[in-house]
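Here the structure comes first, spelled out in structure tokens, and everything after it is commentary.
The values are calculated or read from the model by the stated rules, or taken from the named source; none is laboratory data. Quick caveat, the model's predicted, so the values are computed rather than measured. With ideal geometry, Cβ positions are generated from the backbone for all residues, glycine too; neighbour counts draw on all protein chains shown. Accessible surface is based on the protein model in full, side chains and every heavy atom, while ligands, DNA and RNA are left aside. Shrake-Rupley method; radii C 1.70, N 1.55, O 1.52, S 1.80 Å.
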2 protein chains.
Amino acid sequence: MSEGSRECWKQCCRTTAKRLPVLGWLPKYSLRWLQLDLVAGLTVGLTVVPQALAYAEVAGLPMQYGLYSSFMGCFIYCLLGTSKDVTLGPTAIMSLLVSSYAFHEPALAVLLTFLSGCIQLVMGLLQLGFILDFISHPVIKGFTSAAAVTIGFNQVKTLLGLHNIPQQFVLQVYYTFCRINETRAGDAILGVSCLTVLMVLQQMKKGIPRTHLLEVLPVRISRHIIWITATARNALVVLFAGLVAYAFQMTGSQPFSLTGTIPQGLPPLQPPPFSIIVSNHTLYFGEMVQAIGPGLAVVPLMGLLETVAIAKAFASQNNYQIDPNQELLAMGFTNLLGSFVSSYPVTGSFGRTAVNAQTGVCTPAGGLITGALVLLSLAYLTSLFYYIPKAALAAVIICAVAPMFDARIFRTLWQVKRLDLVPLCVTFFLCFWEVQYGIIAGVMVSGILLLYPVARPRIKVVMDEAIVIKPENGLQFPAIEFLRNIVHKQALSEPQQRSVILDCSHISSIDYTVVLGLSELLQEFQHQELRFIFTGLQAHVLEVLLAADLEGFRNFSTLNDAEKGLGELHIAIGGMLGDNSSVLTTTGIIQ
Amino acid sequence: MSEGSRECWKQCCRTTAKRLPVLGWLPKYSLRWLQLDLVAGLTVGLTVVPQALAYAEVAGLPMQYGLYSSFMGCFIYCLLGTSKDVTLGPTAIMSLLVSSYAFHEPALAVLLTFLSGCIQLVMGLLQLGFILDFISHPVIKGFTSAAAVTIGFNQVKTLLGLHNIPQQFVLQVYYTFCRINETRAGDAILGVSCLTVLMVLQQMKKGIPRTHLLEVLPVRISRHIIWITATARNALVVLFAGLVAYAFQMTGSQPFSLTGTIPQGLPPLQPPPFSIIVSNHTLYFGEMVQAIGPGLAVVPLMGLLETVAIAKAFASQNNYQIDPNQELLAMGFTNLLGSFVSSYPVTGSFGRTAVNAQTGVCTPAGGLITGALVLLSLAYLTSLFYYIPKAALAAVIICAVAPMFDARIFRTLWQVKRLDLVPLCVTFFLCFWEVQYGIIAGVMVSGILLLYPVARPRIKVVMDEAIVIKPENGLQFPAIEFLRNIVHKQALSEPQQRSVILDCSHISSIDYTVVLGLSELLQEFQHQELRFIFTGLQAHVLEVLLAADLEGFRNFSTLNDAEKGLGELHIAIGGMLGDNSSVLTTTGIIQ
């Protein structure tokens, strides 16, 4: 093999290893790892099944779609993921987004999955992961807190067994309180009990101290049982509620709203739908895309945001590095392939990732067990899901989203940096209207805060016979009107109009809007028969100005030259017009 | 009167004069001005009547709404406007926006007018006119060019008499070409003839040389006739087409699609509708606002953008200054009061403002004549509008929007500043999908271009026993991940892990996202039992970091102190751990 081809081969290997992180850990895989991954995979599996059913309800889709969405991520992430802890699958926030962009129509949700997958893949290949840098922490917090409130409150109606409550948040709050007296006793009692049990178990889990080797076996075993109970609490509560409902069903009365029939079996393997028939009218691809609209931007981006935020949190805790672009590829493939098994868009789940990490997962292989468990449930258990009371699932969701609401952030920001409360509050409140407006407005507000110094740069004005105006840190388009106003005020307003020298020595780049503004200034000065000249232009700024071919453009390399040149120009004009009053004494200017 | 109350009175007068620009010009009003304003007002009136009918069609509203929208602006702007040339009224772009946010429902359009008016008033009072600074020229050009194409092409189907063409642009192009063989001969012939006549007259007007006093009277008179014909071309063409249609109607056959019945009389004076009944279902205020959605942000902002852009262009040409916030107030009042006479949102019209300026208007009083002419048409002429062929109105619109499409901007930007082609193209192409996405995406892209130096600041790394990392122009949230990656690469990755000194002497402000990133870095260093210390903190940056109460935060005022301190810390840790390999020789660091 020649040197060149060996080099090429090495390069190839490196790229493959980078793109397939599984190649990094698989060769080192051990029996000990297998053991821990097995336990973690099972535990996550017991969490994901009830959550998947509940989140499908949030997304406004038939319950089986939750399960359809829960296994592909486990398998793909095992091959492509850079974090050992992250588990991809349906999440509360993504379900909320799906409910607002897919209009409770499974075909739209699956198409959204497919398109989101494609967009994420393209973003990953173009290395666009850096976009996340522009979403500041207050915006993320505002969004997640608002989502927690929306999703949590959305479940209150199910918890109380209320019907005919509108979707829109404000109306929902209003009507939920209006109809509170229509509460169904059975649902409410069961729901509140489940909620209480879940909260107690959650608190217990936090309170368990670490096992010490010195303790006697019974203590260690009982502690282990509590730990398992607390960790698998979702599955246990749902199971128990289902048993109660089943018992009532046997006695002939049913005080609970039940999940109802879920089609048994694995999802069909088929391409995503590119046209659907809605009430005798065929919607084609174009119209479906039109219907999804901004979802095509919001879903892929929020998916990335959630996954990367979670992956980074656990990477920092467990001391490894992740690569946002590789995460994009993993998630893109998951969504792309998921759309062939009727999945709705998935992303990293904070709750289940935490369970995974706490159970001590060693590699992404744990996901294989989780995925298998979901497939088994789909194949054999769906008939049992009939008896799951909806109120119990509502309790599961409320407990899952409650920690996402971070009330302390308001206090923290008040103490640390009050200005950051603005993007936080804008995002938080607008997210109740519509999620995408909240996020866009938040990003824009934090962008404006960043850009304030760009829009209102320091500009030094030196009054002399001519006025020397010097922007001190660059001149970009948001500042051009500001500069024009200063020039107008200082040089063009009555009573004394004067020529201007623009000292550009601190301008390192210039855009077309600025060029245009300067050209308009030049024209105004020509109208008034005054001069507007440039000095200290850096080479590539000068290039841009010359390319724009401005009328009456004059530049001098130094301020002294400019002042001298200005004097000569004035004499020339003065002579030409025969009007000596506008002639300046050159000596006075050059000093 | 005391000195204080006199001062207060003066201040009051100044504010009133600033808020009511009419007080500035009315006392100086002369007969000569009246004469010129009269001619200009009449000419603009002859342009606005046919345009108003045509734009109502673009907005998807009954034709009379165009006229209802055309007079309030004339009266209000006369009192509150800062530019003598600007005329407010229905415009092509605003009509396009209304058609996408009001869903062809007049009640929604009128409510949108009312709410836009309120928003513009509030923006004006809060002095938010500066927001315009963040919309760069390429974004504006991309938007107006795309709007010209959309609106122009939208009229092709009317020009050809085609039916059942969908609204969405891509589908519209597709179906227009598919059904080109269904063209109605009468409409097509009339439409193309009108278009040709309008274009010829437009060209003639450009070609008329200035009148010289030396020329003989007949030459001057004939030149004047040509000028009037060319200026009132819209009204003449529509009038002529109407006569032709009327003649055909008399003979019993009708080859043209006609405007049809327009209700006679002035619009009712009533508050805007806060609930409507659509197909037996009552829509309340909340749902109407929900339906309008992003229109509530886009319409007021685009209205402002259009008016200010036009006002600035003519202010610079005719040498006066305008105030964006006062324009906001004028437009806000116009829309607010307009909603009481069933107006849809209005803004400054480029075409009519140009006509106004060219006819030599002296004060905004010309608007009074225009407004009166519109009211007269509404009161007495609507029955005549029955015979106006739609194809003729389509020709009027195509001629009005054609100059808005600026193909040269692509070439200019290619020559002057290629990077600016990115926001231009993003805006241009996305505007065909939906206007608001185009503008938002364009603003975001130009924002990202502006923020690139903020997100990837120069960071100096000095390798020593410890690593000194120094951001050279600030550290704001988009840069924190970048900084963390550099720190990871330089200090935390194998084989040699080292402590870091962060030299903050060039950081003049810090936000919460940065604080959080630094706190995570601190934790990671503590995990590795390494140090991460700060130096050169400016007072208010230090204040923020202290308020955040970071775990393990250490700071030293100078780099020397930091290096000395770092050595001592290491010795302390080394001693504590009994591990001499991590002890650094202090002398080596202090140098």
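Above 21 Å lies some portion of the pair distances; for segment B:335-473, what is it as a whole percent of all C-alpha pairs?
71
For segment A:1-102, averaging the sequence separation of C-alpha pairs within contact (under 8 Å, six or more residues apart) and dividing by the residue count gives a relative contact order of 27 percent. Going by accessible surface with a 1.4 Å probe and the largest first, A:Val86, B:Val192 read B:Val192, A:Val86.
The modelled label-to-label distance for the pair B:Thr15/B:Ser508, using points 7 Å beyond Cα in the direction of Cβ, is 3.4 nm.
Loop-located trypsin sites (Lys or Arg not before Pro) across segment B:163-253 with a Cβ neighbour count of 12 or fewer within 10 Å are B:Arg210, with loop assigned by DSSP. Rg and Dmax of segment B:239-388, based on Cα coordinates, read 19.8, 57 Å. Nearest beta carbon of chain A to the A-to-B rotation axis, with distance in whole angstrom: A:Gly447, 3.
In whole percent, what relative contact order does chain A give with Cα contacts below 8 Å and a gap of six or more residues? Intermediate results must be reported in sequence, preceding the final value.
Numbers: 942 pairs, mean separation 135.5, N = 591.
Dividing the mean separation by the residue count of chain A yields 23 percent.
Summing Lys, Arg as +1 and Asp, Glu as -1, what charge do residues with Cβ under 15 Å from the Cβ of A:His163 carry, A:His163 excluded? Local charge sum for A:His163: +1. Label-to-label distance, B:Ile277 versus B:Asn473, with points set 7 angstrom from Cα along the beta-carbon direction: 6.4 nm.
First obtain the Kirkwood hydrodynamic radius of segment B:25-78 from its Cα pairs, then insert it into the Stokes-Einstein equation at 4 °C and 1.567 mPa s, and state the resulting D in µm² per second as a whole number. My calculation gives 103 µm²/s for D. On the principal axes of its alpha carbon atoms, chain A extends 112, 77, 61 Å, with the longest extent given first. Above 17 Å, the calculated P(r) of segment A:315-361 contains 50 percent of its Cα-Cα pairs. For the protein assembly as shown, the residue among B:Val416, A:Val396, B:Ala455 whose Cα projects farthest onto the positive side of the dipole built from Cβ charges is A:Val396.
Given the rule -39500 (n - 2.57) for each run of at least 4 DSSP H residues, summed and divided by the residues of chain A, what is its mean residue ellipticity at 222 nm, to the nearest 500 deg cm²/dmol?
About -20000 deg cm²/dmol.
Distances between copies of B:Ile225, taken at a point 7 Å out from Cα along the Cα→Cβ vector and listed shortest first: 11.0 nm. Restricting the chymotrypsin sites (Phe, Trp or Tyr not before Pro) of segment A:55-132 to loop positions (DSSP other than H, G, I, E, B) with no more than 15 neighbouring Cβ atoms within 10 Å leaves A:Phe103.
Over the residues of segment A:46-162, compute the C-alpha Rg and express it relative to 2.2 N^0.38 Å. Intermediate values should be presented prior to the final figure.
Numbers: Rg = 15.5 Å, N = 117, 2.2 N^0.38 = 13.4 Å.
This ratio for segment A:46-162 stands at 1.15.
Sorted from greatest to least, the principal axis extents spanned by the alpha carbons of segment A:421-579 come out as 70, 36, 24 Å.
Would you please give the FRET efficiency between A:Glu215 and A:Trp25, computed as 1/(1 + (r/R0)^6) with r the Cβ-Cβ distance and R0 = 35 Å, to the nearest 0.05? If you can, show how the numbers build up before the last one.
Numbers: r = 33 Å, r/R0 = 0.95.
Result of the calculation: an efficiency of 0.55.
Restricted to Cα atoms, segment A:1-53 shows a radius of gyration and a Dmax of 18.7, 58 angstrom. Computed across segment A:428-510, the Kirkwood radius stands at 14.9 Å (inverse of mean 1/r, all Cα pairs). Within segment A:540-554, the residues that become at least 20 Å² less accessible when every protein chain is included than when their own chain is isolated (1.4 Å probe; DNA, RNA and ligands ignored) are A:Val544, A:Ala547. The share of accessible area on segment B:126-219 that comes from carbon and sulfur is 69 percent, using a 1.4 angstrom probe.
How large is the convex hull of the Cα atoms of the protein assembly as shown per residue, expressed in Å³ as a whole number?
Details: hull volume 318.1 nm³, N = 1182.
It is 269 Å³ per residue.
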